[in-house]
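The values are calculated or read from the model by the stated rules, or taken from the named source; none is laboratory data. Computed from a prediction, not measured in an experiment: that's the story for all the values here. Methodologically, a virtual Cβ is constructed for each residue, glycine included, from the backbone with ideal geometry; neighbour enumeration extends over all protein chains shown. The accessibility values were calculated without ligands, DNA or RNA, using every heavy atom of the protein model including side chains. Shrake-Rupley method; radii C 1.70, N 1.55, O 1.52, S 1.80 Å.
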Amino acid sequence: MHIPESLQDLADSEAVQFLKRPKTILRIFAGVFSLIVFSSLLTDGYQNKTGSSQLHCVFNSNNIACSFAVGTGLLAFFSCLTFLALDAHESRIASSRFKTAFQLLDLILAVLWTGTWFVCFCFLANQWQRSPPKEFLLGSSSTKAAITFAFFSIFVWIFQAYLALQDLRNDAPVSYKRSLDEGGVVLTTLSPPSAASPINMPSTGTTNVNYASSALSPYLTAPKVPRLVMMPDS
């Protein structure tokens, strides 16, 4: 393992440069926000009421709200980890088609996560507003943290979608360009035939007749002159 000799070497190392990328910073923030959302609801999201021992969701006793927020946070967290690992090996990807597909998938998932976090924030805020006050003894701080970081996650994923779109525009698919250029070369080489080039035209019946008539003897084709006949005197 290579150990940097100075702080400048450490700052110029590949790992530090990777961590300084805006895309990497946004993925880390998105993962941390998702971790806060699902961990806060797993710890204090399910509690019992004052008169019952059964666990209920702190969001208006709606278990769907807690399950949706926990599931969204878990999936978004693992998505961030997966794309962080892929970003670390992005420079080693030789295939331009695979790189373009990866960037396109990143853009699609960023847009989907933006919409999912927006729905999650609206759902949690609505259910928390409808929750009766002092119904649960604890859990208000965890619910507020889940709502707050679900709101922050919307903007983080919007910026990720923007960066993915910029990467997709900057890195043009070379393979598709090459195929289009090759097709253009093939089309330009197929130039239309010139007037001097011989063309084998199929012979029809009429042309054969014309050729046959032109090949006849001039005696047959020339018009006959009428002869003068001497009539005897009466």
Inset, instruction - Evaluate the range 94-116: report whether one residue or more is touching a residue at least 24 places away in the same chain (Cβ under 8 Å), within 23 Å of S142 (Cβ to Cβ) and open to solvent by less than 80 Å² (accessible area, probe 1.4 Å). - result: yes
Legend entry - Cβ pairs under 9 Å, 6+ apart, first in the range 140-151 and in a helix (DSSP H, G or I), second of a type in the set (D, E) and surrounded by fewer than 20 Cβ atoms within 10 Å (Cβ to Cβ): S140/D44; S141/D44; S142/D44; T143/D44
Legend entry - Matching option when the condition is modelled with pLDDT of 95 or more and either of a type in the set (A, V, I, L, M) or in contact with an Asp or Glu (Cβ under 9 Å, 6 or more places away or on another chain) (or both), among L124, L112: L112
Legend entry - Of all residues making up the range 75-93, the number that are in a helix (DSSP H, G or I), open to solvent by 60 Å² or more (accessible area, probe 1.4 Å) and closer than 18 Å to I28 by Cα: 5
Legend entry - Given (1) touching a Lys or Arg at 6+ places or on another chain (Cβ under 8 Å); (2) at pLDDT below 80, number of the condition N60 does not satisfy: (2)
Inset, instruction - Scan the range 16-51 for residues that are of a type in the set (S, T, N, Q) and within 19 Å of W113 (Cα to Cα) and jot them down. - result: T24, S34, S39
Legend entry - Among (1) in contact with a Phe, Trp or Tyr (Cβ under 9 Å, 6 or more places away or on another chain); (2) modelled with pLDDT of 90 or more; (3) of a type in the set (A, V, I, L, M, F, W, C), the one test that L104 misses: (1)
